[in-house]
Amino acid sequence: MARGKNGKVELVILSGKGGTGKTTFTASLAALLSEIVIVDCDVDASNLFLLLNPKNVDVNEFYSGQKPVINSDLCSKCLTCQDVCNFDAIYPESGKVDDIACEGCGVCAWFCPEGAIDLKENHCGRWYVSKTSYGPMVHADLFPGEENSGKLVYKIKETARDIAQSENFDLILIDGPPGTACPVISTLSGATHAVLVAEPTLSGFSDMKRTLELCMHFKIKTSCLINKADISPQISDEIEKYALDNGITFLGHLPFEEKVTLAMENCTPFVKAFPNSPLSLAIKEVVTKMREWIT
């Protein structure tokens, strides 16, 4: 079994695009496994908690970067800061800063002749350590418009590793963000295994290829499955062939299931809400293959 530097298996569930069913699959996977630490690395739009119903044990503030604060007592309202700001984010006459528009570059403070602008540490999100019925969970929320999601991903992954070490759990299950940008790269850092949840559409197939290239670049042991496979059997066959031609383990097909939304409404992993449905049975078969693949 491939293990990370900390002796743990870090299994990342990825998709090239949003809406493939990655988080739905991850929630069911968490419900079927044991002695795991669960991590939701999709910090820009975290939603795994909706299905696992965690109870927060520890709430932590996340700070990253800096934002300007105008000292009205020192400000002469010369408008120099407004003139040099390329983002139209600072308004000295009212003493306000547009936090969404501001990039935190600090040029306003640099050019202020009165020294009336201070750069303060930017409060841009929160991260949580929680308990679920399936194991401890670490997740986070990045405030709207904020950046540095890669740094927040790193923080919650390190916390999950510490929990796995202290609890003596061998597996860290990670629900990754969609796409191939910075948060995904941060999620894959230190990972040992990746499962790609593909969607049988042209865009889904294309984005899966890009994600696979990223996993191969980092030399991560990768497998693939197709969700909603029956909506396009032709593209599903093409995805399976592509995976096998590239030496990627193919875990199976999952059928389209309308009841998935009912499980979401009840905040329950699908395999728990409808254990005997064709989708649940297919997920269980995939998990059996996955166990063999991981070992």
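Look at (1) modelled with pLDDT under 95; (2) within 28 Å of residue 256 (Cα to Cα) and you find that residue 186 fails only one, number (2). Each residue in the range 213-242 was checked for being in a helix (DSSP H, G or I) and touching a residue at least 40 places away in the same chain (Cβ under 8 Å), and 2 of them qualify.
This table checks each residue for (1) closer than 30 Å to residue 214 by Cα; (2) in a strand (DSSP E or B); (3) out of contact with any Cys (no Cβ under 9 Å at 6 or more places or on another chain); (4) at pLDDT 95 or above.
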position	(1), (2), (3), (4)
88	no, no, yes, yes
108	no, no, no, yes
128	yes, yes, yes, yes
136	yes, yes, yes, yes
141	yes, yes, yes, no
160	yes, no, yes, yes
173	yes, yes, yes, yes
180	yes, no, yes, no
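Picking from residues in the range 229-264 that are under 15 Å from residue 28 (Cα atoms) and among the charged types (D, E, K, R), the one that is surrounded by the fewest Cβ atoms within 10 Å (Cβ to Cβ) is 259. Of the residues making up the range 249-265, those that are in a loop (DSSP other than H, G, I, E, B), free of Cβ contacts under 8 Å to residues at least 60 places away in the same chain and of a type outside the set (D, E, K, R) number 2. Exactly one residue out of 59, 84, 69, 37 is closer than 15 Å to residue 176 by Cα and either at pLDDT 95 or above or assigned by the TED database to the domain that holds residue 144 (or both), and it is 37.
Comparison of 106, 18 shows that the only residue that is more than 14 Å from the chain's Cα centre (by Cα) and small (Gly, Ala, Ser) is 106. Pairs are defined by a Cβ separation below 6 Å, a sequence spacing of at least 6 or placement on different chains, a first member in the range 276-295 that is free of Cβ contacts under 8 Å to residues at least 24 places away in the same chain, and a second member that is outside any helix (DSSP H, G or I); the pairs so defined are 278/255. Determine which single condition residue 123 fails, assuming it passes every other condition in (1) at pLDDT below 95; (2) under 10 Å from residue 68 (Cα atoms); (3) touching a Phe, Trp or Tyr at 6+ places or on another chain (Cβ under 9 Å). Answer for residue 123: the failing condition is (2).
Criterion first (surrounded by 14 or more Cβ atoms within 10 Å (Cβ to Cβ), under 19 Å from residue 174 (Cα atoms) and more than 20 Å from the chain's Cα centre (by Cα)) does residue 195 satisfy it? No. Assess whether residue 67 counts as being among the basic types (Lys, Arg), farther than 22 Å from residue 215 by Cα and touching a Gly at 6+ places or on another chain (Cβ under 7 Å). It is true that residue 67 is among the basic types (Lys, Arg), farther than 22 Å from residue 215 by Cα and touching a Gly at 6+ places or on another chain (Cβ under 7 Å).
Check whether at least one residue in the range 90-99 is surrounded by fewer than 12 Cβ atoms within 10 Å (Cβ to Cβ), part of a loop (DSSP other than H, G, I, E, B) and not assigned by the TED database to the domain that holds residue 45, and report yes or no. Checking the range 90-99: at least one residue is surrounded by fewer than 12 Cβ atoms within 10 Å (Cβ to Cβ), part of a loop (DSSP other than H, G, I, E, B) and not assigned by the TED database to the domain that holds residue 45.
Looking at the range 273-285 only, could you name the residues that are within 15 Å of residue 33 (Cα to Cα), more than 22 Å from the chain's Cα centre (by Cα) and surrounded by 18 or more Cβ atoms within 10 Å (Cβ to Cβ)? Hit for the range 273-285 is 280, nothing else.
Restricting the first residue to the range 23-37 and requiring it to be part of a helix (DSSP H, G or I), which pairs with a second residue that is of a type in the set (Phe, Trp, Tyr) meet a Cβ separation below 8 Å and a spacing of at least six or different chains? Within 8 Å, the pairs are 24/270; 27/270; 28/270; 30/134; 31/134.
Quick check on my filter: what residues within the range 173-194 are aliphatic (A, V, I, L, M) and either free of Cβ contacts under 8 Å to residues at least 40 places away in the same chain or more than 19 Å from residue 130 (Cβ to Cβ) (or both)?
From the range 173-194, those aliphatic (A, V, I, L, M) are 173-174, 181, 184-185, 188, 191, 194; that's our starting set.
Passing the criteria: 181, 184, 185, 188, 191, 194.
Would you check which residues across the range 38-65 are of a type in the set (D, E, K, R) and either outside any strand (DSSP E or B) or at positive phi (or both) and list them? Spell out the reasoning first.
If we filter the range 38-65 for residues that are of a type in the set (D, E, K, R), which is where we start, we get 40, 42, 44, 55, 58, 61.
42, 44 - these are the residues of the range 38-65 that are of a type in the set (D, E, K, R) and either outside any strand (DSSP E or B) or at positive phi (or both).
Cβ-Cβ distances below 8 Å connect the following pairs, each with a first residue in the range 161-172 that is within 11 Å of residue 6 (Cα to Cα) and small (Gly, Ala, Ser), a second residue that is at pLDDT 95 or above and buried (at least 19 other Cβ atoms within 10 Å of the Cβ), and a separation of six or more residues or different chains: 164/37; 164/171; 164/172. Here the condition is being buried (at least 23 other Cβ atoms within 10 Å of the Cβ) and at negative phi; of 163, 172, it holds for 172 alone.
The values are calculated or read from the model by the stated rules, or taken from the named source; none is laboratory data. Fair warning: this is a prediction, and the values are worked out from it, not measured in the lab. Virtual Cβ from ideal backbone geometry, glycine too; neighbours counted across all protein chains shown.
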